[in-house]
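Below is one structure, written out as structure tokens; comments come after it.
The values are calculated or read from the model by the stated rules, or taken from the named source; none is laboratory data. From a predicted model like this one, the values you see are computed outputs, not experimental measurements. The area values use the complete protein model at the heavy-atom level, side chains included, leaving out ligands, DNA and RNA. Shrake-Rupley method; radii C 1.70, N 1.55, O 1.52, S 1.80 Å.
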Amino acid sequence: ARDHSGTLNVVLDADVHVNMLGPCFASHVTVKMLSHPLHFPNPEEVAVARGRTWLAHQSWHLNRPNHALIGIGVFDRGHRLYEFARTEGQRSSSDPFQRDLQWLVALCKEFTTPIYTPVCDVVNNLVYVKPPRGTAIPTHAEGRIRKLIDRLNSRIFTVTPEQLRAVRNIMVVAGTVRKALAIRQLLETPEYKIRFLCTDRKAAEAIIDAS
């Protein structure tokens, strides 16, 4: 994983986090890591990679976790995929994934404000975020954003929304006012069984005010 400066930083790697968190539980924990790239050129390669890990259909049902600790990111400066698109955008790219990311960055810039970003990510799945009251995104622009999200998600290697919805207890750790609308939208999605939210005071107030 890379930090905001683009430098490789092992402390940010998810597999490292798993190894550090596993021994903290009183009961025995079976550690299952992914160790795969975040994205692939096409959905077919994602399916092949998934079939080699515990995220494969049969393995997932045999080892489905009861609890999930997740974060929420906003697709803006500092976000891994956003920065990846901006860096790659400095030179020509034939990778469809990179091109779609660059188009999504350009679209989101038109509607991003200090308190709203049109796209967030939940466990690396990109999600469209509805605009706040008094703000509107034209139908054609929303349609383009949603189409790009679908194309990008089909090439991202991660837990699927269906798998996350099957987890019985989800704990969300996310904060700052700019994430408030994304957090509230996730909380209002009944398919996700969110039991706990860890956030900061200003974000909590913004989440309540958005009702």
What are the residues whose amide H is under 5 Å from the amide H of H39, where those residues sit 5 or more places off or on another chain and H is modelled from the backbone?
F157
Chain lengthening between A49 and D150 when straightened (0.36 nm per residue, less Cα-Cα):
34.5 nm
In whole Hz, the Karplus estimates of ³J(HN,Hα) for the stretch 31-41 (6.51, -1.76, 1.60; θ = phi - 60°; x where Gly or Pro) are 8, 10, 9, 9, 6, 9, x, 5, 9, 10, x
Carbon/sulfur fraction of accessible area - the stretch 16-102, other protein chains in place, 1.4 Å, %
55
Karplus-derived 3J(HN,Hα), 6.51/-1.76/1.60, for each residue of the stretch 69-83, Hz, glycine and proline x
10, 10, x, 10, x, 10, 7, 8, 3, x, 6, 4, 6, 4, 5
Rounded Å value of the spacing that divides the Cα centres of the stretch 25-98 and the stretch 124-152
21
What list of ³J(HN,Hα) values in whole Hz, one per residue of the stretch 135-148 in order, does the Karplus curve 6.51 cos²θ - 1.76 cosθ + 1.60 (θ = phi - 60°) give from phi, with Gly and Pro shown as x?
10, 9, 10, x, 4, 5, 5, 4, x, 5, 4, 5, 5, 5
Chain lengthening between F196 and M20 when straightened (0.36 nm per residue, less Cα-Cα)
61.2 nm
So what is the calculated 222 nm ellipticity per residue for the chain, using -39500 (n - 2.57) for each DSSP H run with n of 4 or more, over all residues, to the nearest 500 deg cm²/dmol?
-11500 deg cm²/dmol
Kindly report the accessible area of the stretch 148-192 per residue (heavy atoms of protein chains, probe 1.4 Å, no ligands, DNA or RNA), in Å².
43
